[in-house]
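Throughout, read-outs are computed from the coordinates displayed, never taken from laboratory work. Quick caveat, the model's predicted, so the values are computed rather than measured. We place every Cβ from the backbone using ideal geometry, glycine too, and count neighbours over all the protein chains shown.
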Amino acid sequence: MSITFSPDSRTFYLDGKGVTYAFCINEYGYAEHLYYGSAIGHDDLRAMRMLGATSYRTTPPGRDLNTSSSYGDINSYHHFPSELSFFGTGDFREPALMLTHENGDRLAELLYVGHEILPEKPRITGMPSLRGSETLVVHLGDAVNGFGCDLYYTVYDDCGVIARRAVYRNGTDHTVMLDRAYSFSFSLPRNDYELISLWGTWAKERHVERTPMHHGVFTVDSKRTTSSATLNPFIAVVDPDTTEQAGSAYGVSLIYSSSYALKVEGTSDGQTLVTGGINDLDFRWKLGAGEVFETPEVMLAYSAEGIGGMSRALHDAMRSHLIPPARVHQPRPIVINNWEATYFNFDNDKLKAIAQAVAGTGIDTFVLDDGWFGNRNSDRTGLGDWFVNTEKLEGGLSTIIAYVNSLGMKFGLWFEPEMVSEDSELFRAHPDYAIAAPDRARCYGRHQFMLDLTRAEVRDYIVDAVNKVLHENHIEYVKWDYNRNVTESYSIGRPADQQAEFAHRYALGVYDLCERIVNANPDIFFEGCASGGARFDPAMLAYFPQIWTSDDTDAEERTYIQYGTSMAYPLSAMSCHVSVVPNHQTRRVTPIETRADIAHLGATGYELDTSAFTDEDRARTAAQVEAYKAMEQLVLEGDLWRTEDPHTSNYFGFMIVSKDKTDALLTAYRRMGSVNNEVKHLRVAGLDADKTYRVSGFEGTFRGSTLMQIGLPAKLPKGDFLTATYRFTAVD
């Protein structure tokens, strides 16, 4: 990787793995975007600029139209490809920054002041970000009032990703109100792209949607004070002919867990502006004189190898620079979770039977889910009371923990730290801890309220209560849940002119909890959960190496959910369980072999009543766990190639290939069978064309080039919802 500055052309070249990102400081001092794409040489790219429509053009402030310029007549901020768009000085595109000075001035003109190249990437205060080294900081400032912005850029030699963020600095002598404070802008030279986003809802998270771009603004956002299941903080901009395997693809993934907006604007002059960050809806930040505001970081990924190449760049960035290093390549706990087996109705004997039934199968962690604390016998009571319900669990947690440990298994526990039930000791003692607006009734969600994490005393209570349980018991795994969204967006801990800071301060509160609970218990494995996958975002992966992908565990539904999730997240981040049939969400019946094969395409586990297991069930489970362990390193470290798209065919296919291309696994799934099934050659991808491979289930050996050109004839028996797996082993 390298960051280079050419003084003659005042151009910055950022070179990472297979990519170049270039921008210049033009004659006006404007940070003008020049190029982002496959690696190129350091030529003077200013000669390649082409500016389009000139209608209603306005000059930069103070310059008449006939002022001499290398741009000729087109000398307007509106037409310069942008690194940071700002409001009110002739640029009519989506601004990254909007502010209000104390005199009502809402304009900004942020031009080049200087730059520096740091040897180490600084951390963002209070928020997670990618780890990294050499980092460019470009200082911009407004000469009228001293307000400034620092643009941060980090490139990587092991993934085609660029990390970007903005820090806004109030260098004035008065308070400034930030009305919008996005993290980045960059421009692309056309506006005929297509856009890919991940939409969903509970139990239907992260489904792929691809749509043609249009003139005007396309927005992916959340207004829920969380990243949400409805739209993930990810968007891809691709050429119309880009496929999974070929063509240009730009990925944008925001490392943030609260309300956000990502915007793609097709402008009238034929360009595209991409920008985004913290959602400015219900956002206003009071920035005192001398204060700074740090925005969340965004990962920009580019690949000329299609959508799959873009995904692999994001996967590599998250595994190498975001997920906790001590956990990212570590074999994951293989859990049995009691939730769908018992819901709230359990005691020591029932839990012991579930654990005993899988002892010796390779399942190594028993997780006790919701219902172990307070007066928690339904989802209407007890949240916030983090002390053991000894009527259910005689002897406290120590009894069941000791039994689970005696079986050679670890013990895990469920928490929902951010919530409170109205019927709880915590709420009766501190009703003010729950989020509420004055004189207004609260909305209920899952019969519960949310705690105000913007307040330090509320966070202190949560940290002390949860850490007390963790420190007093031998707990080695925690499932951290989050089951509703903010509705009132008000804190009694803030004055009236800071209430619109709530959503961002809530995110900072979440990260503070994670720092003080997750990072304070390094020997405990933490898994994220949010009513399934409603807070599946890069920021949470900085604390949770895996996240519960969805409450929908049906194998058929999971092919769509896991396919979409893999657009932006590595397989190792997805927690995937084998559950009972009929499935509790869809009532569908699928073979247990299929359920296991799909669940193995992530951090696998089980969620069903194992106390009813027969000897045959135990033997089958042991074989499935053994099969998963044999492929686990591929799940943790391998490159993913999506070979069959369930949205457009009767098949789903994931192929995972080791970095050295000596080992690979193809999992293929056919939804519906039929009489006289059609001939189907499964696509093979990602192998070394010159290596020779042995393929499980096939006689002889084959060159990688042969396999990738011809594929494999599907060997699936008659029936619906069936899978087959094929292992590829290099023999030379």
> Of Ala730, Ser38, Ile517, which is farthest along the charge dipole of the chain in the positive direction, counting Lys and Arg as +1 and Asp and Glu as -1 at C-beta?
Replying inline: Ala730
> At what distance in angstrom do the alpha carbon centres of the stretch 703-732 and the stretch 552-626 lie from each other?
Replying inline: 21
>> Could you tell me how far the Cα centroid of the stretch 633-657 sits from the Cα centroid of the stretch 106-126, in Å?
In response: 39
>> Within a 10 angstrom radius of the beta carbon, how do Asp609, Asp537 rank from fewest other beta carbons to most?
In response: Asp609, Asp537
> Per residue, what volume in Å³ does the convex hull of the Cα atoms of the stretch 591-694 enclose?
Replying inline: 146
>> List the pairs from Lys17/Lys263; Lys392/Lys479; Lys629/Lys680; Lys392/Lys468 whose alpha-carbon separation is above 22 Å, in the order I gave them.
In response: Lys17/Lys263; Lys629/Lys680
> Where does the charge balance sit around Ile592 when Lys and Arg score +1, Asp and Glu -1, over other residues with C-beta under 11 Å from its C-beta?
Replying inline: -2
> Roughly speaking, what is the stretch gain from Val144 to His471, that is 0.36 nm per residue apart minus the C-alpha to C-alpha distance, in nm to one decimal?
Replying inline: 112.2 nm
>> For a protection proxy built on the mean count of beta-carbon atoms within 10 angstrom, sort 351-360, 703-712 highest first, please.
In response: 351-360, 703-712
>> Modelling each spin label as a point 7 Å along the Cα-to-Cβ direction, I'd like the Ala520/Arg703 distance in nm, to one decimal.
In response: 6.1
> Assigning unit charges at the beta carbon (Lys, Arg +1; Asp, Glu -1) and nothing else, what dipole magnitude in debye, to the nearest 20, does the chain show about its Cα centre?
Replying inline: 1020
> Which angle between 0 and 90 degrees, to the nearest 10, do you get for helix 306-321 versus the longest principal axis of the chain when only C-alpha atoms count?
Replying inline: 80
> How do 689-700, 476-487 rank on mean C-beta neighbours within 10 Å, highest first?
Replying inline: 476-487, 689-700
> Any idea what the dipole of the stretch 188-269 comes to, in debye rounded to 20, about its Cα centre with Lys/Arg Cβ at +1 and Asp/Glu Cβ at -1?
Replying inline: 440
> What nm distance separates the two modelled labels at Asp157 and Asp439, each placed 7 Å from Cα along Cα→Cβ?
Replying inline: 6.4
> Based on the alpha-carbon gyration tensor of the stretch 308-401, what equivalent-ellipsoid semi-axes (square roots of 5 times the eigenvalues) come out, in whole Å, largest first?
Replying inline: 34, 18, 12
> Residue-wise, which Karplus ³J(HN,Hα) couplings in Hz belong to the stretch 573-590, taking 6.51 cos²θ - 1.76 cosθ + 1.60, θ = phi - 60°, and x for glycine or proline?
Replying inline: 7, 9, 8, 9, 10, 7, 10, 7, 10, x, 4, 5, 9, 10, 6, 7, 10, 10
> HN-Hα J couplings of the stretch 491-505 from phi, Karplus 6.51/-1.76/1.60, θ = phi - 60°, integer Hz, Gly and Pro as x?
Replying inline: 10, 6, x, 10, x, 4, 7, 10, 5, 6, 8, 4, 4, 6, 5
>> Normalised radius of gyration for the stretch 332-637, please: alpha carbon Rg relative to 2.2 N^0.38 Å, two decimal places.
In response: 1.00
> Ranked from highest to lowest mean number of other Cβ atoms within 10 Å per residue, what is the order of the peptides 261-271, 283-293, 125-135, 77-87?
Replying inline: 77-87, 261-271, 125-135, 283-293
> What is the Cα convex hull volume of the stretch 499-589 when expressed per residue in Å³?
Replying inline: 119
> If you average the sequence gap of Cα pairs under 8 Å that are 6 or more apart and divide by the length of the stretch 644-730, what percent do you get for the contact order?
Replying inline: 34
> When the C-alpha atoms of the chain are aligned to their principal axes, what extent does each axis show, in angstrom, from largest down?
Replying inline: 87, 71, 44
> How fast does the stretch 2-321 diffuse by Stokes-Einstein, in µm²/s, taking the Kirkwood radius from C-alpha pairs at 20 °C and 1.002 mPa s?
Replying inline: 108
